[in-house]
Amino acid sequence: MKITRFAQLGALTAVAALALAGCAANEGGGTAGTGGSDAGTALSGEVASGGASSQEVAVQAWTAGFQTANSGVTITYDPSGSGAGRESFQAGAFPFIGSDRAFNDEEVAAGGFGACADGSGIVELPTYISPIAVIFNLEGVDSLNLDAATVAGLFAGTITKWNDPAVAATNPGVNLPDLAVTPVHRQDDSGTTQNFTDYLFQAAPSVWTSEADGEWPLSSGEAANGTSGVVSAVSSANGTIGYADASRAAEEGLKTVAIKVGEEFVSYSPEAAAKIVDESPFVEGRADGDLAIELERTSQEAGVYPIVLISYMIACEQYSDTDTASIVKSFLQYVASEEGQTAAADAAGSAPISDSLRERVNSAIDLIVTQ
């Protein structure tokens, strides 16, 4: 059920950890866009975080921007994957994380978020919006147009050769080789996989019968660790097809698939990704600070790119430690600010959040306090 619609939004190098300095504001939080302190009181300390590798480049940009205005706080980010990030947050190892999916209803109801003060709720902030590119490596073929059923068949293993009639039907005049298809997927629990399989299940349910899951549901294909692993596997072998955050596809110069929507084939772009978010509702029944979004993958509206990832910053409403609350709150204000969103868009090609969504996000961040 739709609760609200957003105004339309405008328009990665793996590292084990990211450590850049920034000074956060006191508990009231820094001024969005500067990372400074409203009260002029600087804090110092180190906050470790981690999670989604998809938004690693954006996190680098956010932390660098935060550092420019601040000089006493160290924030580290380990891009170990969304699943690992959520587990670390639940175990209390990270006070905030990045995740390519929000916690589901059952996880929220169960609670037990070890990073938070007893009884605290969580805030889930959709601050990174990016297309997921379907990437391929096929010698002599520079671009492909595919519909949802064909994409699903290539990854499900029901289409095993590149010159299959289903591929040829949407690519007239393209010299497709008699070559085996090698689908590459993530081997780790990944929000990128969750979003990609959600698209396959929604858009081609007769071919892809497994519901959305962060863990790849099939034993076929080639498994690779993280975004970097998928990108490396596809770029190094002829006949491969995979999926990855579009920022990495662009960074590596990989060939990508245009997806059929309605009667046209749409290539990924921040604008096309933004259009699908604009049509999608918040998940019903969540707390005020939990801004989980339910993406509608089957839209037939012109210019929509349906394989989109919304990566969240997830934090606690209440922390036991004042300095931790202050650092997390101020950093997230910068992430959501127009300056922070522009920095991420310039670095990672993501779609800046709209003013109306920013207002909701900032209201959620205001809930962060010390118990």
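Checking each residue in region 112-145 for being part of a loop (DSSP other than H, G, I, E, B), under 24 Å from THR256 (Cβ atoms) and open to solvent by 10 Å² or more (accessible area, probe 1.4 Å) picks out GLU139, GLY140, ASP142, SER143.
Residue under question is ALA149, and the condition is that it be open to solvent by 30 Å² or more (accessible area, probe 1.4 Å), of a type in the set (A, V, I, L, M, F, W, C) and more than 27 Å from the chain's Cα centre (by Cα); does it hold?
Working: open to solvent by 30 Å² or more (accessible area, probe 1.4 Å): yes; of a type in the set (A, V, I, L, M, F, W, C): yes; more than 27 Å from the chain's Cα centre (by Cα): no.
No; evaluated as a whole, the condition is false for this residue.
Picking from residues in region 153-204 that are among the aromatic types (Phe, Trp, Tyr) and within 30 Å of ILE293 (Cα to Cα), the one that is most open to solvent (accessible area, probe 1.4 Å) is PHE201.
Give ALA48, ALA102, ALA109 a once-over and let me know the one that is over 22 Å from GLY285 (Cα atoms) and either of a type in the set (Gly, Ala, Ser) or open to solvent by 40 Å² or more (accessible area, probe 1.4 Å) (or both). The match here is ALA48.
Note on region 206-248: residues that are in contact with a Gly (Cβ under 6 Å, 6 or more places away or on another chain), open to solvent by 20 Å² or more (accessible area, probe 1.4 Å) and modelled with pLDDT of 95 or more amount to 1. The condition of being crowded, with 24+ Cβ neighbours inside 10 Å, among the polar types (S, T, N, Q) and over 12 Å from SER311 (Cα atoms) holds for ASN70.
Condition check ((1) closer than 23 Å to GLU46 by Cα; (2) touching a strand residue (DSSP E or B) at 6+ places or on another chain (Cβ under 7 Å); (3) buried (at least 22 other Cβ atoms within 10 Å of the Cβ)) across all residues:
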site	(1), (2), (3)
VAL266	no, yes, no
ILE307	no, yes, yes
TYR319	yes, yes, yes
LYS329	yes, no, yes
THR342	no, no, no
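The values are calculated or read from the model by the stated rules, or taken from the named source; none is laboratory data. Quick caveat, the model's predicted, so the values are computed rather than measured. FYI the Cβ positions are ideal-geometry reconstructions off the backbone, even for glycines, and counts take in every protein chain you see. Side chains included, ligands, DNA and RNA excluded: accessible areas come from the protein's heavy atoms. Shrake-Rupley method; radii C 1.70, N 1.55, O 1.52, S 1.80 Å.
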